[in-house]
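Participant: Please see the structure below; I have some questions.
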Amino acid sequence: MTTSLEEKISNEERKDIWVELHSFRQDTLALRTEAYHLRTAGRLDAKANERLRTQQKDLERRGETIIKRYVNFLLLC
């Protein structure tokens, strides 16, 4: 009998995954909202643009880390 993915992941691990992904989503939405407001207000200068790019790269790295962490976790199950 095979074990389903849900059975392999404990409730605590599911909660951790949800919290991490929810936090990542909120931070991504905040970045997009800030970029939108800067663009529509005409205040997206070189300095603001560079800061947004840095934040976006940080979010990309964070997303990759989340993916790698849970792919490795699933491979170990």
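Participant: Convert each backbone phi in the stretch 38-50 into a coupling constant with the Karplus relation 6.51 cos²θ - 1.76 cosθ + 1.60 (shift: θ = phi - 60°), then list the ³J(HN,Hα) values in order as whole Hz, x for Gly and Pro.
Facilitator: Using θ = phi - 60°, the values come out as 5, 5, 6, 8, x, 10, 8, 7, 4, 5, 5, 4, 5 Hz.
Participant: Let me check something: with ligands and nucleic acids excluded, how do Y70, Y36 order by accessible area (1.4 Å probe), largest to smallest?
Facilitator: From most exposed to least exposed: Y36, Y70.
Participant: Please compute, for the alpha-carbon atoms of the chain, the extent along each of the three principal axes and give them in descending order in Å.
Facilitator: 60, 17, 16
Participant: Let me ask something else about it. State in Å² the accessible area per residue of the chain; use a 1.4 Å probe, count heavy atoms of protein chains only, and round to the nearest integer.
Facilitator: Computed with neighbouring chains in place, this is 84 Å² per residue.
The values are calculated or read from the model by the stated rules, or taken from the named source; none is laboratory data. All values reported here derive from a predicted model rather than from experimental measurement. Surface areas here come from the heavy atoms of the whole protein model, side chains and all, with no ligands, DNA or RNA. Shrake-Rupley method; radii C 1.70, N 1.55, O 1.52, S 1.80 Å.
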